[in-house]
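Here is the structure we will look at, set down as structure tokens.
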Amino acid sequence: MGVQGIGARALRKEDKRFITGKGRYTDDMVLPRMTYAAFVRSPHAHAKIKGIDASAALAMPGVEAVLTGEQLVGDGIGNLICGWMIHSKDGSPMNMGAWRALEPETVRFVGQAVAVVIADTQGQARDAADAVVVDYEELPAVVDMSAAMAPGAPQLHPEAPGNVIYDWEIGDEAATNAAFDSAAHVTRLDITNNRLVPNPMEPRAALADYDTAEEHYTLYTTSQNPHVARLVLSAFYNVAPEHKLRVIAPDVGGGFGSKIFIYPEEIVALWASKRVGRPVKWVSDRTEAFLTDAHGRDHKTEAELALDANNKITGFRVKTVANLGAYMSLFSSSVPTYLYATLLSGQYDIPNIHCNVKTVYTNTTPVDAYRGAGRPEATFLVERIIETAAREVGMSPAEFRRKNFIQAFPHQTPVIMCYDAGDYNATLDAALKAIDYDGFPARKSEAASRGKLRGLGLSCYIEACGIAPSAAVGSLGAGVGLWESAEVRVNPVGTIEVLTGSHSHGQGHETTFAQLISERFGVDTDAVSIVHGDTDKVQFGMGTYGSRSGAVGMSAIVKALDKVEAKAKKIAAHLMEASEGDIQIEGGELKVAGTDKKLSFTEVALAAYTAHNLPEGMEPGLKEGAFYDPSNFTFPAGTYACEVEVDPDTGKTEIVNFVAADDFGKVINPMIVEGQVHGGLTQGIGQALLENAAYDENGQLVTASYMDYAMPRADDVPSYNLLTTETICPGNPLGMKGCGEAGAIGSPPAVINAITDAIGNNHLSMPATAEKVWLAAQPGLSQAAE
Amino acid sequence: MMSKVTMRLNGKTVSADVEDRTLLVHFIRETQGLTGTHVGCDTSQCGACVVHVDGKAVKSCTMLAAQADGSDVLTVEGLANGDELHPVQAAFRENHGLQCGFCTPGMIMTAVDMIERHGAKLDEKTIRHELEGNICRCTGYHNIVKAIKAASDQMAGMKTATE
Ligand code: FES
Ligand code: FES
């Protein structure tokens, strides 16, 4: 591939295996004597288990075992944990109910596992699972958040009276109330952020193998963070000590947050492989994925924005209720709090903010981080209320935003975050120009002449990536540190292996990370390989989520490279009898400045390993590791502009133009970054127009397949018009901010602002289906579409 | 019930005794060990499993292996000519038409069929419409559409050149 450094649109090194069918995903792995697991799942949203009769199942062909929650608890397997402690405003810790990998007593959502069948083939396991008879006593279920908090509601967990998990707040309530007391104008908005199902195309899977001689487990699994999985499986679920447990996340077919968490099925597969003495494979089918992958979003919010007489924002008051489902998933508690309310200042200088968040249990699938995790909810709220306020006071939405933008950095918001760098006018200007904002009225009247309603919506998003630093998140309740690790191994022949704690499940790390090495040492990217996803090969690392692999993961690599470079220079200086300060690395060679003396990178590497002539006291070898703990979050930001045409006869919305102007700081591979934005935008547009996880009042998920859950398809979305501006992030050595979630965070409000602009009715909830849009566009039915 | 199924798979005759209920996708993946063809859903909606049966794109999860008895089946593994990628494979790489790669084999097999059926240069609208049976969660389709367009332009050019 040649030398391809920072900024090159390098084609991906990993592509060849995927386009030729040679990718290796968990379900592609086969082990000798492998068995298959099929789970027996609750058909009820809330029920007591009175008995389980497995006798018929056990008599079926190929069945090795039927295992239940009682056995699991008896074997000392620990309950599932939530890794972020949140305290209510009265100081009390969150009210967490027990979640067992197989439930022995009370099921609390449809799809919860109560038993597992292990059999020779997948067909046999599934047939036998159908034959396990579970005697349930149905209990009343509650699905709606407000209903769950109402007096007399069915109670899910004895630990959480009234189904409230915590009642948390951030910001200065008194100061915010005072801002409202003296406001010239107050804008009010009620917002629902619809529940979504992440739906990576590869369903979750696990293949567990217990070695009786070594008392050692190997787990192949669809994980975004195999080391975190090993830690949690070991420390909390008591599967095995860490050195007796190897977790491998091979090729993983998308994650979007849903593969961060350690789910019951992985725990059970490991435990069952020891129980039956054979490898156990479990592969989720799509229905199971809908029922058991952690869902995303699901907020209800009442918000108010206070303006002074000059249309400057003086206060923002927010009350949110977030549905966490039937159990607290691994990072669920942090999503509607520190990943949400800390972003409520948006791109704006808002002196007073107060936000109250209540989280509740309901008889639904657990909810956790999904692409953006809290930040899309914040952005949707902020950008909808900003647009609404601009319309109410009769200002252009662009000018209203500009008037309230933060102009100077660093900027401390009233909700913890200190924004380090940005230029919000630059992305706004770029987006307005690209969408031809000034030409919109002409396009609107042209569309009207064709009987179409045309609208334009903006969204100026900000997000916080590379969640950090460890000490800060620790003080806010995180149970883990959020650093990253790297090791750079220069081989004796000068090729380079980089072992990273980050994990790629579509992000293209094998290419981007190699570009960094190519840039630093001038070596061919083909001489670099990136090793990740295997706890036996790679040192402990934190994995990939929250757009952290660039800003945090690559920063760790930079630190390791600094050490390698320093040692290589010492060796080169010694060999060429020059002073270390005169050595420069250029084009794969170490040169003595101002002379024609030089050594190739390979010669220096070989010298490090032959160790025949090293500087006095130097250890042989050329291999360095590093841990990087960021000093702050990073703050990608941008402006999205969406133009739509609505057909008033059918309510169908067509996105006719979508411009995304992003500031991601330094970009390593623009091609890959654009791909991340395309994917994020489509997920955001999916949320805005199509996707919704709907339950009936009994707690049945009525959208549990691709027939009922509308995934965005190719003709639902347009081709996108992407632009970037650049302010360098001062917090990390490469100046990167992260790009993985921006599209999903910024796009929903742009779409809804555009549709509400087109139809002249601000009351429209997501997903804005044709039916809802048609209703909202009818004069006299203004509230009907909520 | 077991029965013997024989087919030509990527140009090679293969044969196995399988349970009657075995789907073509499981015959390909499990019986034959060709894991490039993927399973992404259980309602025949996602297209991760698309292969060609007797020259036509088929969702291999909608068909029993026994129904493909005697057929000529082509999977993503059989598409390249030795080391030489099929133009659609090459175009997916050159246009960054894949991220996690899970939908990719089905997308590529659908695209090859689409180009063959339409014969001429494809436009964006047709490509998007033709992709209605294939879901990708990663790419947002933008670069998949670009890749298919580039491949169809190139293949139209190759056709003219040989005419
Ligand atoms: S697996 Fe065949 S269409 Fe989804
Ligand atoms: S590339 Fe991941 S689903 Fe298409």
Looking at the range A:649-660, can you tell me whether even one residue there is closer than 30 Å to A:Gly372 by Cα, more than 14 Å from chain B (Cβ to nearest Cβ) and crowded, with 19+ Cβ neighbours inside 10 Å? yes
Within the range B:19-58, how many residues turn out to be over 19 Å from A:Asp28 (Cα atoms) and within 12 Å of another protein chain (Cβ to nearest Cβ)? 6
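Looking at B:Gly47, B:Gly101 in this structure, which one is within 14 Å of ligand 2 (Cβ to nearest atom), more than 15 Å from A:Phe18 (Cβ to Cβ) and crowded, with 24+ Cβ neighbours inside 10 Å? Give the steps one after another, and end with the answer.
Details: B:Gly101 fails: more than 15 Å from A:Phe18 (Cβ to Cβ).
Residue meeting the stated conditions: B:Gly47.
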Say we look at the range B:50-73 and pick out the residues that are in contact with a Cys (Cβ under 9 Å, 6 or more places away or on another chain) and of a type in the set (Ser, Thr, Tyr); which of these is farthest from ligand 2 (Cβ to nearest atom)? B:Thr62
Apart from one, (1) among the aliphatic types (A, V, I, L, M); (2) more than 14 Å from chain B (Cβ to nearest Cβ); (3) within 16 Å of ligand 1 (Cβ to nearest atom) all hold for A:Val197; the odd one out is (2)
Could you identify the single residue in A:Ala744, A:Ala694 that is at pLDDT 95 or above, under 18 Å from the mean Cα position of the chain (by Cα) and under 30 Å from B:Gln45 (Cα atoms)? A:Ala744
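Scan A:Thr221, A:Thr187 and give me the residue that is out of contact with any Lys or Arg (no Cβ under 7 Å at 6 or more places or on another chain), open to solvent by less than 10 Å² (accessible area, probe 1.4 Å) and closer than 23 Å to A:Arg548 by Cβ.
Working: A:Thr187 fails: closer than 23 Å to A:Arg548 by Cβ.
Only one candidate qualifies: A:Thr221.
Hey, could you check the range A:621-643 for residues that are of a type in the set (Gly, Ala, Ser) and in a strand (DSSP E or B) and say which is surrounded by the most Cβ atoms within 10 Å (Cβ to Cβ)? Before you say what the answer is, go through the steps one by one.
Initially, the range A:621-643 is screened for residues of a type in the set (Gly, Ala, Ser), giving A:621, A:625-626, A:631, A:637-638, A:641.
Of the ones still in play, those that are also in a strand (DSSP E or B) are A:625-626, A:637-638, A:641.
Details: A:Gly625: 16, A:Ala626: 21, A:Ala637: 28, A:Gly638: 32, A:Ala641: 29.
Top of the filtered list is A:Gly638.
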Can you tell me which residues in the range A:10-34 are at pLDDT below 95 and more than 8 Å from chain B (Cβ to nearest Cβ)? A:Ala10, A:Lys13
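Here are some residues: B:Glu19, B:Glu84, B:Glu94, B:Glu77. Which one is open to solvent by 10 Å² or more (accessible area, probe 1.4 Å), more than 16 Å from ligand 1 (Cβ to nearest atom), among the acidic types (Asp, Glu) and under 13 Å from the mean Cα position of the chain (by Cα)? First the steps, then the outcome.
Numbers: B:Glu19 fails: under 13 Å from the mean Cα position of the chain (by Cα); B:Glu84 fails: under 13 Å from the mean Cα position of the chain (by Cα); B:Glu94 fails: under 13 Å from the mean Cα position of the chain (by Cα).
Only one candidate passes the filter, namely B:Glu77.
Of the residues A:Ala303, A:Ala240, which single one is surrounded by fewer than 24 Cβ atoms within 10 Å (Cβ to Cβ), among the small types (Gly, Ala, Ser) and assigned by TED's automatic domain parsing to the domain that holds A:Tyr361? Outline the logic, then answer.
Numbers: A:Ala240 fails: assigned by TED's automatic domain parsing to the domain that holds A:Tyr361.
Only one candidate qualifies: A:Ala303.
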For the range A:566-583, how many residues are surrounded by fewer than 19 Cβ atoms within 10 Å (Cβ to Cβ) and closer than 19 Å to A:Val488 by Cβ? 2
Mind telling me which of the residues B:Asp113, B:Asp72 ends up being open to solvent by 10 Å² or more (accessible area, probe 1.4 Å) and away from ligand 1 (no atom under 16 Å from the Cβ)? B:Asp72
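When you scan the range A:118-125, do you find a residue that is closer than 26 Å to A:Phe236 by Cβ, in contact with a helix residue (DSSP H, G or I) (Cβ under 6 Å, 6 or more places away or on another chain) and crowded, with 20+ Cβ neighbours inside 10 Å, even just one? Can you show your working first?
Initial filter on the range A:118-125 (closer than 26 Å to A:Phe236 by Cβ): A:118.
Checking which are in contact with a helix residue (DSSP H, G or I) (Cβ under 6 Å, 6 or more places away or on another chain) leaves us with A:118.
Retained after the next criterion (residues that are crowded, with 20+ Cβ neighbours inside 10 Å): A:118.
Yes, because at least one residue in the range A:118-125 is closer than 26 Å to A:Phe236 by Cβ, in contact with a helix residue (DSSP H, G or I) (Cβ under 6 Å, 6 or more places away or on another chain) and crowded, with 20+ Cβ neighbours inside 10 Å.
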Quick one: count up the residues across the range B:50-69 that are open to solvent by less than 40 Å² (accessible area, probe 1.4 Å) and under 16 Å from B:Met7 (Cβ atoms). 8
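Out of the strands (runs of 3 or more DSSP E) lying entirely within the range A:283-360, which hold 3 or more residues that are β-branched (Val, Ile, Thr)? Before you say what the answer is, go through the steps one by one.
Details: elements: A:299-307, A:313-323, A:353-360.
Of the strands (runs of 3 or more DSSP E) lying wholly inside the range A:283-360, those with at least 3 residues that are β-branched (Val, Ile, Thr) span A:313-323, A:353-360.
The values are calculated or read from the model by the stated rules, or taken from the named source; none is laboratory data. Just so we're clear, the structure is a prediction, and the values are computed from it rather than from any experiment. Note that we place each Cβ from the backbone using ideal geometry, even for glycine, and neighbour counts take in every protein chain shown. Side chains are part of the model used for accessible areas, which takes the heavy atoms of the whole protein and leaves out ligands, DNA and RNA. Shrake-Rupley method; radii C 1.70, N 1.55, O 1.52, S 1.80 Å.
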